[in-house]
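Some notes on the structure that comes next.
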Amino acid sequence: MLQRKGNKETAKILIVDDVDKNRFILRDIIQEMGYQPILTENGVQALKIVSRIRPQLIILDVAMPEMDGHEFCKIMKENPETRDIPIIFISAFDDPEDIVKGFNLGGEDYITKPFIPEVIKARLKLHLKLYDTNIELVEINRRLQKSISEQLHQLELEKKNVLYALTRVARENACYDENHMERLCHNCRVLAEAMQLSVEYSSFISDSFIDTIELAAPLCDLGNVAIPTELLQKKQALLPEELAVIRTHTTKGAKILQDIKDTGDFNDFLQMSIEIAHYHHENWDGSGYPSGKKGEDIPLSAQIVSVISAYCAITEKRTYRDSYKMEDALEMMKADAGKKFNPTICEILRKIYRQLC
């Protein structure tokens, strides 16, 4: 309980009563108990005091001028910042309707006049103890929620690390450049930020979307871990049946991510990762795979990754060819705008290409 012990704060008790005698009697009782009384004559004054000094308990007269106790209590209990402060009503009347009204408004107790000091002391001790207990429970719950949040964050981080590790294996199997994942992350973020400033996409791309796509983009080719390495590294042209196997990396990657999501993790990162893995090889004109989606039916995240993935692939060395210069890559992609790629996104990419790596 808040009182004069150690470093604990002395409990402040607000007395709201328009009768001087009542205020002074209550003041003396509270001081005798070792608490700090704060006196005021009506509800209007009390509201001003509460806004400056947060009492641990309020003793409130029912019948007062300007603002009666019931109206004051209603205001206090409707305010999230003050609703937990216990209120004890005092009155010379013991009308059951009056008492019930006080409880219905959120009052914690009701004491009738004339005052009996021993009763006042017992009620004050009880409600201060309950108030302290409630504060302690709130703090315990806060610490518990923080601990749970930290554990969930750690679990989420571990899941991401496992997924990134698998993606690196897939990258090595496909002989991608060592910095392929880092380029994909950076360039997707740069493009998404530029799109956020455009008229066409400002209402679709939030700061959270940008942060998430930076994390999710590298998982586009996660499904390559399930593709035979000899196919991923083959230098000759792929046979139709081999190409069909390669293309399953989209559905296999999405399946891996969906299985993880089904364990109970429903965050935006996994949802966007599934969309990217599944649809990043869909073409704007509907000629892509695995579903033949076209235009705006393709998730926006997958459209962005499709453009950046192609850019990174063209400007990186592969087992069957050398890398292309940035300018050449942009010209090649311009020819595919409206076919493979969203033409608006391609145009934005051309405007900010100097920011790409």
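Taking a ≥ b ≥ c as the square roots of the eigenvalues of the Cα gyration tensor, segment 38-137 is rounded, since a/c falls below 1.5. Residues ASP285, ASP336, ASP322 ordered from highest to lowest accessible area at a 1.4 Å probe: ASP322, ASP285, ASP336. Projected label points at LYS334 and ALA122, each 7 Å from Cα along the beta carbon direction, are separated by 9.1 nanometres. Our helix-only sum for the chain, with -39,500 (n - 2.57) per DSSP H run of n ≥ 4 divided by its residues, gives a mean residue ellipticity at 222 nm of -18000 deg cm²/dmol. Separation of segment 61-119 from segment 245-305 is 60 Å, based on Cα centroids. In this structure segment 275-335 gives 45 Å² per residue of accessible area when probed at 1.4 Å with all protein chains present. In summary, the helical segments of the chain meeting the span-like criteria, namely a full DSSP H run, a Cα extent along the axis of 20 angstrom or more and a mean Kyte-Doolittle hydropathy of at least -1.0, are 117-173, 180-196, 300-314. Share of carbon and sulfur in the accessible area of the chain stands at 53%, probe radius 1.4 Å. Going by accessible surface with a 1.4 Å probe and the largest first, PHE72, PHE115 read PHE115, PHE72. Approximating the spin labels as points 7 Å out from Cα along Cα→Cβ, the ALA226-to-ILE135 distance works out to 5.7 nm. In a fully extended conformation the segment linking PHE204 and LYS101 would gain 32.0 nm over its present Cα-Cα distance, using 0.36 nm per residue. Using 0.36 nm per residue and subtracting the Cα-Cα separation, the extra length available between GLN145 and ALA244 on full extension is 30.8 nm. At full extension, SER51 and VAL19 could sit 9.2 nm farther apart than now, given 0.36 nm per residue minus the alpha carbon distance. For the cross-link pairs LYS252/LYS334; LYS234/LYS339; LYS12/LYS125; LYS21/LYS74; LYS12/LYS101; LYS12/LYS121, the ones whose C-alpha atoms lie over 21 Å apart are LYS252/LYS334; LYS234/LYS339; LYS21/LYS74; LYS12/LYS101. A 1.4 Å probe run over the protein chains yields, for segment 99-148, 66 Å² of accessible area per residue, whole-number rounding.
Between ILE352 and ALA313, what is the FRET efficiency for a Förster distance of 22 Å, r being their Cβ-Cβ separation, to the nearest 0.05?
Details: r = 19 Å, r/R0 = 0.85.
FRET efficiency, ILE352 to ALA313: 0.70.
The values are calculated or read from the model by the stated rules, or taken from the named source; none is laboratory data. What you see is a predicted model; the values in this text were computed from it and never measured. Heads up, the Cβs are rebuilt from the backbone with ideal geometry, glycines too, and the neighbour counts pull from every protein chain shown. Ligands, DNA and RNA are stripped out before the accessible areas are found, and what is left, the full protein with its side chains, is counted by its heavy atoms. Shrake-Rupley method; radii C 1.70, N 1.55, O 1.52, S 1.80 Å.
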